[in-house]
Amino acid sequence: MTTPGLPHFTVTTLEEEPFISRELNKEGGARYVGFMKDLMDSLAKKVGFTYDFRVVADGKYGSQTAMGWNGMIGELVDGTAEIAAGSLTVTAAREEAVDFTKPFMSTAVNLLVKKPERMDLGLGYLVRPFSTDFWVLLLIAIVIVGFLFFLIGRFSPYEWVKVPGDRDQRGARNAFSLRNSYLFVLSSLTWQGFREPPRSLSGRFLAAFWWIFILFTIVAYTANLTAYLLARPEQIPVMPFKTYEELLEANEIKVGAPAFGATQAALHKSRDPTLHSLWVKISQDNSWVSSNQAGLDLIQSSKGTFVMFMESSTAEYLARKNCDVMLYGKNIFHRSLALATQKGHVITSLLDKGLEEMRASGELNMMQERWWRFAGECSHIDGRQYSQKGDSLSSLPIYPVTLRDMAVAILILFLGFIVAVVGLIIEIIYHTIATKGKLEKPKVLDSKIFKAPKFTKGKSSKAAAAPSDPEAGVSEPLSGEALGEGTSGEGASGEGAQEATEA
């Protein structure tokens with residue numbers, strides 16, 4: 001549409017959301033919408049001109065070939081159009097062929113990838129706070145500590161004492177048999193009580209170091225499990241790569257990029273060996289794509305086996321509109337987007353003035369907010385901020401506790417092993433010397449001493465005498481309850497005693 005008295009310009013463009021696209025109107029025709037449409041309408045009012053959009057014939061932004069420039073840059077060079085508007089990057093090579101206005105947006109290049117599906121943590125969720133190697137070490141520690149308690153109870157002379165009858169009527173000589181040793185270890189692991197503590201110094205040293213190790217372990221498990229529970233609703237699986245170096249080595253993943261664009265040229269000319277090798281990989285796989293939409297389709301249908309280099313502005317928009325993709329990888333090739341004009345055209349300075357007014361008034365920023373921030377309702381669009389935080393869509397930096405994290409607790413437990421073994425050896429040697437080589441152990445208590453004597457009519461009082469076995473002697477006096485039980489019953493305290501005297 002032209003207005004008398006105002007200059008009219010042809011604006012070459014390339015359809016790409018959200019910069020510029022066509023949609024059907026109510027009358028059945030098509031109209032242009034997008035960021036560049038709003039931008040050009042505002043500049044036309046401020047500067048004073050009219051314009052018409054023209055979609056570039058070859059569908060390219062513009063690169064130099066043996067035949068000259070193609071794409072939007074080529075249409076400016078051959079005079080087909082006066083202005084180029086779109087996601088056009090300012091490069092040194094293009095500045096030699098055309099003029100650029102001041103940038104209206106800063107951008108970079110990163111990857112657009114398939115967003116991994118949320119994984120089902122299943123029954124193994126409660127073991128996630130510790131790494132696999134630490135769980136294995138904990139099981140080994142339980143076996144070793146329990147066996148050491150058994151050895152100390154077996155060979156330490158200070159563990160072999162008679163257990164008081166009112167506490168263990170079985171007459172056990174020591175509390176740390178093999179099964180009791182492991183019961184002690186497991187009960188202390190869960191902060192429960194226990195029947196008998198170690199009596200020897202070596203056993204108590206081992207118990208003290210074991211308790212310190214358990215304290216660190218339980219506290220670390222509880223704290224890390226809390227973090228996992230808080231982040232659980234937003235957790236995602238680990239990405240198959242985190243850096244461009246890992247992407248280069250991932251043979252099962254194909255990498256794409258827009259063909260005949262600034263990104264392709266930047267990868268080719270990059271002095272970074274990794275980025276240049278990625279250009280070689282893309283070329284060998286022939287995975288250059290004709291448009292960003294075509295690349296998006298490949299990403300969505302590939303189930304994570306195809307990723308694409310894309311300008312962050314476009315990638316952000318697509319991620320907000322399509323919830324199954326997200327941005328990933330660090331920013332590379334920082335660049336600016338600007339309008340391009342014919343070399344030496346007077347409109348360049350007028351467009352610069354209009355852009356400066358829009359930037360000062362905040363109008364330019366509001367346009368960007370409208371077409372990017374409010375483009376869609378998808379959340380977690382930027383996977384870059386999660387790749388360094390345990391691969392989780394949570395703000396909490398969660399990761400399993402490893403052997404390195406628990407190094408202090410492991411060293412304390414290892415020191416406890418040494419102290420306990422050395423202490424056991426010293427106890428055996430000291431007791432052997434103190435008893436002149438006689439390493440005697442007290443005998444098991446005879447359970448007969450807990451049976452009350454029976455008094456019956458016509459029997460001699462000798463039947464109520466103490467056992468004749470001198471080794472089964474009572475180490476402790478019988479309790480009053482035991483005697484009372486023996487003399488209770490009909491006539492036991494009166495008639496039975498009288499008959500014994502008469503006899």
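Overview of results
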{"item": "Lone qualifier among 101, 89, 13, 50 - being more than 29 Å from residue 326 (Cα to Cα) and out of contact with any Asp or Glu (no Cβ under 7 Å at 6 or more places or on another chain)", "result": "50"}
{"item": "Residue that is farthest from residue 318 (Cα to Cα), among those in the range 12-31 that are within 48 Å of the chain's Cα centre (by Cα) and open to solvent by less than 50 Å² (accessible area, probe 1.4 Å)", "result": "12"}
{"item": "Single unsatisfied condition, residue 23 versus (1) in a loop (DSSP other than H, G, I, E, B); (2) closer than 30 Å to residue 301 by Cβ; (3) among the acidic types (Asp, Glu)", "result": "(1)"}
{"item": "Members of the range 8-38 found to be out of contact with any strand residue (DSSP E or B) (no Cβ under 9 Å at 6 or more places or on another chain) and under 13 Å from residue 56 (Cα atoms), listed by number", "result": "16"}
{"item": "Residue match in the range 60-69 (condition: at positive phi and out of contact with any Gly (no Cβ under 7 Å at 6 or more places or on another chain))", "result": "no"}
{"item": "Hits in the range 294-315 (condition: open to solvent by 60 Å² or more (accessible area, probe 1.4 Å) and in contact (Cβ under 8 Å) with a residue 60 or more places away in the chain)", "result": "303"}
{"item": "Within the range 43-65, tally of residues that are surrounded by fewer than 19 Cβ atoms within 10 Å (Cβ to Cβ) and under 12 Å from residue 75 (Cα atoms)", "result": "5"}
{"item": "Residue in the range 67-97 that is farthest from the chain's Cα centre (by Cα), counting only those that are among the aliphatic types (A, V, I, L, M) and open to solvent by less than 10 Å² (accessible area, probe 1.4 Å)", "result": "81"}
{"item": "Conditions (1) more than 19 Å from residue 90 (Cα to Cα); (2) surrounded by 21 or more Cβ atoms within 10 Å (Cβ to Cβ); number of the one not met by residue 351", "result": "(1)"}
{"item": "Inter-residue pairs, beta-carbon under 7 Å, first farther than 13 Å from residue 249 by Cβ and open to solvent by less than 50 Å² (accessible area, probe 1.4 Å) and in the range 270-286, second of a type in the set (A, V, I, L, M, F, W, C) and part of a helix (DSSP H, G or I), 6+ apart", "result": "275/267"}
{"item": "Subset of the range 246-258 (residues that are surrounded by fewer than 18 Cβ atoms within 10 Å (Cβ to Cβ) and over 28 Å from residue 88 (Cα atoms))", "result": "246, 249, 250, 251, 252"}
{"item": "Residue ID - nearest to residue 93 (Cα to Cα), chosen from residues in the range 259-281 that are in contact with a Leu (Cβ under 7 Å, 6 or more places away or on another chain) and among the aliphatic types (A, V, I, L, M)", "result": "267"}
{"item": "Residue within the range 40-62 that is more than 15 Å from residue 347 (Cβ to Cβ), part of a helix (DSSP H, G or I) and among the charged types (D, E, K, R) present", "result": "yes"}
{"item": "The range 332-386, subset basic (Lys, Arg) and either assigned to a helix (DSSP H, G or I) or closer than 20 Å to residue 53 by Cβ (or both), residue modelled with the lowest pLDDT", "result": "384"}
{"item": "The lone exception for residue 339 - which of (1) surrounded by fewer than 19 Cβ atoms within 10 Å (Cβ to Cβ); (2) aliphatic (A, V, I, L, M); (3) in contact (Cβ under 8 Å) with a residue 40 or more places away in the chain it fails", "result": "(1)"}
{"item": "The range 289-306, residues that are more than 17 Å from residue 248 (Cβ to Cβ) and not in a helix (DSSP H, G or I)", "result": "289, 290, 291, 302, 303"}
{"item": "Matching residues, the range 326-364, being among the small types (Gly, Ala, Ser) and closer than 19 Å to residue 45 by Cα", "result": "338, 340, 349, 354, 360, 361, 362"}
{"item": "Residue in the range 90-103 that is at pLDDT 90 or above and in a strand (DSSP E or B) present", "result": "yes"}
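Residue by residue, here is whether (1) at pLDDT 90 or above; (2) in contact with a Lys or Arg (Cβ under 7 Å, 6 or more places away or on another chain) holds:
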residue: 256; (1), (2): yes, no
residue: 260; (1), (2): no, yes
residue: 277; (1), (2): yes, no
residue: 283; (1), (2): yes, no
residue: 290; (1), (2): no, no
residue: 293; (1), (2): no, no
residue: 304; (1), (2): no, yes
residue: 314; (1), (2): no, no
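The values are calculated or read from the model by the stated rules, or taken from the named source; none is laboratory data. These numbers come from a predicted model, not from an experiment. Methodologically, a virtual Cβ is constructed for each residue, glycine included, from the backbone with ideal geometry; neighbour enumeration extends over all protein chains shown. When the accessible area is computed, the model is the full protein with side chains, heavy atoms only, and any ligands, DNA or RNA have been set aside. Shrake-Rupley method; radii C 1.70, N 1.55, O 1.52, S 1.80 Å.
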